[in-house]
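The values are calculated or read from the model by the stated rules, or taken from the named source; none is laboratory data. As the structure is a prediction and not an experimental result, all values here were calculated from the model. With ideal geometry, Cβ positions are generated from the backbone for all residues, glycine too; neighbour counts draw on all protein chains shown. Side chains included, ligands, DNA and RNA excluded: accessible areas come from the protein's heavy atoms. Shrake-Rupley method; radii C 1.70, N 1.55, O 1.52, S 1.80 Å.
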Amino acid sequence: MAFRTLIISTHSKLEYSMNYLVYRTPGETKRILLDEIHTIILESTAISITTSLLVELSKRKINVIFCDEKRQPNSQLIPFYGAHNTSKKVLEQINWKEDVKNKVWKIIIQKKIFNQSELLLSLGKNDKAEQLDMYANFVEDGDITNREGHAAKVYFNNAFYDGFTRNDDSLINACLDYGYTILLSMISRSIVASGYITQIGIHHKGEFNEFNLSCDLIEPLRFLVDYKAKTISNPDTFKDEMASILSMDVLINGRVLSLNNAIPIYVNSVLDSLNSGNIKIAFINQNEL
């Protein structure tokens, strides 16, 4: 089972050889078994990578994230066909029933708000946590009354520091942006691996958003990034620390798994619910608060 996240940030060449990723620099050569890797983050534009390695990474559904010249996640390697029956799955996706989508979105938003409430409760802000619980209990199908938006105002004003907003140029926001992007990439990988496409969502419908469905499914998982961001104080190491979230232990279906291995279970439970109309979502919970 894959367990390694590779973050490559130096001038180097990456090649494929006999089931191994070969990492070369002027001073060293390393070989890493591909079976051990679930995510590769290429942080430098000075990295050279061979086509044969890219093809092999795509075949194995290893998540590859490319960063820009500012070392910020910019794009992702996603195969055209993640499963043998992708055409069938996409037709199913196009025909998801509106009432089922609205019910699934209601449950996703309820779980998101309850998770936000748990974080505030862990900070001793019991009254605000109770307010979020109230919002969660009044979410309607499709969240037509926007309880998510009302909850967000309470949550962000209390989860971090006084006066915090998502527009601040701060370490917290840098952590959140980086962590959410990593999480979004893992969800996208699982969607494609199951034969679906990320462009067609259940609530997000932006015509310029390539990840509408991924943006839907990330909502109840954002709290994991939020918890992690609150523990980071070093701006020089925050990316490595945020990337480590993929290896953190979480609870799903009564089992403790790494987040990397839990995400496909969660994603497939949502997809199965949308297809069948029998809504049984395996949500991911934090192992320890």
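Among the residues of segment 39-62, those identified as closer than 14 Å to R189 by Cβ and part of a loop (DSSP other than H, G, I, E, B) are R60, K61, I62.
Just one of the numbered conditions (1) touching a Phe, Trp or Tyr at 6+ places or on another chain (Cβ under 7 Å); (2) of a type outside the set (K, R); (3) open to solvent by 10 Å² or more (accessible area, probe 1.4 Å); (4) farther than 18 Å from I78 by Cβ is not true of L184: (4).
Listed here are the residues, each with its yes/no results for (1) buried (at least 21 other Cβ atoms within 10 Å of the Cβ); (2) among the charged types (D, E, K, R); (3) not in a helix (DSSP H, G or I).
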position: N102; (1), (2), (3): no, no, no
position: A151; (1), (2), (3): yes, no, no
position: T165; (1), (2), (3): no, no, yes
position: I172; (1), (2), (3): no, no, no
position: D177; (1), (2), (3): no, yes, no
position: T198; (1), (2), (3): yes, no, yes
position: I202; (1), (2), (3): yes, no, yes
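When segment 1-38 is filtered for residues that are among the aliphatic types (A, V, I, L, M), open to solvent by less than 30 Å² (accessible area, probe 1.4 Å), in contact with a Phe, Trp or Tyr (Cβ under 9 Å, 6 or more places away or on another chain) and part of a strand (DSSP E or B), the ones remaining, listed by number, are L6, I8, L14, V22, I32, I37. Scanning segment 63-97 for residues that are over 24 Å from D272 (Cβ atoms), open to solvent by less than 60 Å² (accessible area, probe 1.4 Å) and assigned to a loop (DSSP other than H, G, I, E, B) yields D68, L77.
Pairs linking a residue in segment 140-154 that is in contact (Cβ under 8 Å) with a residue 12 or more places away in the chain to a residue that is among the charged types (D, E, K, R), with Cβ atoms under 6 Å and 6 or more positions apart or on different chains, are D141/K103; D141/K106; V154/K128. Pairing each residue of segment 200-211 that is of a type in the set (S, T, N, Q) with any residue that is open to solvent by less than 60 Å² (accessible area, probe 1.4 Å) and modelled with pLDDT of 95 or more, provided the two are 6+ apart or on different chains, yields C-beta distances under 7 Å for N209/C215. Annotation note: of S185, S170, the sole residue that is touching a residue at least 40 places away in the same chain (Cβ under 8 Å) and among the hydroxyl-bearing types (S, T, Y) is S185.
When you scan segment 246-280, how many residues do you find that are at negative phi, touching a residue at least 24 places away in the same chain (Cβ under 8 Å) and open to solvent by 30 Å² or more (accessible area, probe 1.4 Å)? Total satisfying the criteria: 10. Pick from K70, K30: which is charged (D, E, K, R), closer than 27 Å to D236 by Cα, in contact with a Leu (Cβ under 9 Å, 6 or more places away or on another chain) and without any contact (Cβ under 8 Å) to a residue 60 or more places away in the chain? Selected residue: K30, the only one of K70, K30 that is charged (D, E, K, R), closer than 27 Å to D236 by Cα, in contact with a Leu (Cβ under 9 Å, 6 or more places away or on another chain) and without any contact (Cβ under 8 Å) to a residue 60 or more places away in the chain. Please verify whether K125 is modelled with pLDDT of 95 or more, touching a Pro at 6+ places or on another chain (Cβ under 8 Å) and either open to solvent by less than 20 Å² (accessible area, probe 1.4 Å) or of a type outside the set (D, E) (or both), treating the condition exactly as stated. No, not satisfied.
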